[in-house]
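Structure record follows, encoded as structure tokens.
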Amino acid sequence: MNSVEKTLAVLRALSSPDQPRRLADIAERTGINKTTAHRILQILTAEGYAVTSGDGAYASGPALLALAGSALADRDLAAVARPILENLQRQTGHTAHFAVRSGTVAVYLAKVESQEPYRMASKVGMQIALHCTAIGKALLAGLPDEEVRAVIAASSPLISHTPATLVEPDELLADLAAVRERGYSIDEEENERSVRCVGAAVRDRHGTAIAGVSVSGLTFTLKEDDVGLLGPMVVAAARRISTALGMPTERNSS
């Protein structure tokens, strides 16, 4: 097999129903030696097409799921998310977004505008950075720090969109630890000046963070004091989408 065929063979193994698989299992299943299989898996993991657990097992990653979604079910994902986004927008009064991760970025699949006279610059199909957006940071917080560092390395250097953007890896990791602690992420004018966002991760049936939900508004309407009230609403919306995508209720509530 050439390098492309080997990579495709590993991807097929990662997509098998009985995933996750260990390196030896993948090598045996694909007929590729362990060294080559490991090198391919390292690249796929760095790009988000594979994920690995602490015990050395591999499974399909969010980028692979996002790619499949883009090819087969983007409309279905957006259709699942949209009524929940509409409800979230009515609850909060702010613009609601749904985006799916694709490698080192996320892509908006759905957006429900607020009734305010201004409009967010975001649009369906637009790519957003992971390190400075609420959805992006919610997705990164769903990864272990070593995988976050791999994403950072693949995105290096991190682009500073505003003076508030976190571009130092240690600062970003500390912020992600706070996201995990509180359960939702905050974009405090890090992607756009005068725009504040609150986000939460959406998980698939395996519990992998593949997408995110957020509400966004100008800082004079979505005030700092509002964040604590909006966070649980965004988390609840993300959980409803996760459940609709097949995530078990008991895992979703944990």
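Please find, in a Gaussian network model of the chain (springs between Cα atoms separated by less than 10 Å), the residue of Gly103, Gly31, Gly48 whose mean-square fluctuation is greatest.
Of the options given, Gly31 has the highest mean-square fluctuation.
To the nearest 20 debye, what is the magnitude of the charge dipole of segment 81-151 about its Cα centre, counting +1 on the Cβ of each Lys and Arg and -1 on the Cβ of each Asp and Glu?
Taking the Cα centre of segment 81-151 as origin, the dipole is about 200 debye.
Over the chain, give the accessible area per residue in Å² for a 1.4 Å probe, as an integer.
Accessible surface, normalised per residue, equals 47 Å².
Starting at 0 and stepping by 5 Å, how many percent of the alpha carbon pairs of segment 121-167 end up in each bin?
Binned Cα distances yield the sequence 5, 20, 27, 27, 15, 5, 0.
In percent, what relative contact order does the chain have, based on Cα pairs under 8 Å that are 6 or more apart in sequence?
For the chain, the relative contact order is 16 percent.
Quick check: residue separation of Ala24 and Thr36 times 0.36 nm, minus the Cα distance between them. What number comes out in nm?
3.2 nm
Work out the count of Lys pairs in the chain where the Cα-Cα distance is under 27 Å, with the pair 8 or more places apart or on different chains.
7
Taking each full run of DSSP H in the chain as one helix, which ones are at least 24 Å long along their axis (Cα atoms) and have mean Kyte-Doolittle hydropathy of at least -1.0?
Sorted by number, the helices that extend far enough and score high enough are 74-92, 227-244.
Can you tell me the order of 147-155, 135-143, 120-128 when each peptide is scored by its average per-residue count of other Cβ atoms within 10 angstrom, highest first?
Order by mean packing, descending: 135-143, 147-155, 120-128.
Under a Cβ-only charge scheme (Lys and Arg +1, Asp and Glu -1), can you give me the dipole magnitude of the chain about the Cα centre, in debye to the nearest 20?
Around 800 debye, computed over the chain.
Expressed as cubic angstrom per residue, what is the convex hull volume of the alpha carbon set of segment 90-232?
In segment 90-232, the Cα convex hull volume per residue is 107 Å³.
Restricting attention to segment 180-254, which trypsin sites (Lys or Arg not before Pro) occupy a DSSP loop and are surrounded by at most 14 other Cβ atoms within 10 Å?
Taking segment 180-254 and a limit of 14 other Cβ atoms within 10 Å, the loop trypsin sites (Lys or Arg not before Pro) found are Arg193, Arg205, Lys223.
Below 13 angstrom from the Cβ of Asp170, what's the summed charge of the other residues (Lys, Arg +1; Asp, Glu -1)?
-3
Rounded to the nearest percent, how much of the accessible area of the chain (1.4 Å probe, protein heavy atoms only) is carbon and sulfur?
52 percent
With a point put 7 Å past each Cα toward its Cβ, work out how far Asp76 is from Asp55 in nm, to one decimal.
Output for this residue pair reads 3.0 nm.
Can you give the net charge of the other residues whose Cβ lies under 15 Å from the Cβ of Val51, counting K and R as +1 and D and E as -1?
0
Find the centroid of the Cα atoms in segment 155-172 and in segment 183-254, then give the distance between the two in whole Å.
21 Å
The values are calculated or read from the model by the stated rules, or taken from the named source; none is laboratory data. All values reported here derive from a predicted model rather than from experimental measurement. Cβ atoms come from the backbone with ideal geometry, glycine included; neighbour counts cover every protein chain shown. SASA here: full protein model, heavy atoms, side chains in, ligands and nucleic acids out. Shrake-Rupley method; radii C 1.70, N 1.55, O 1.52, S 1.80 Å.
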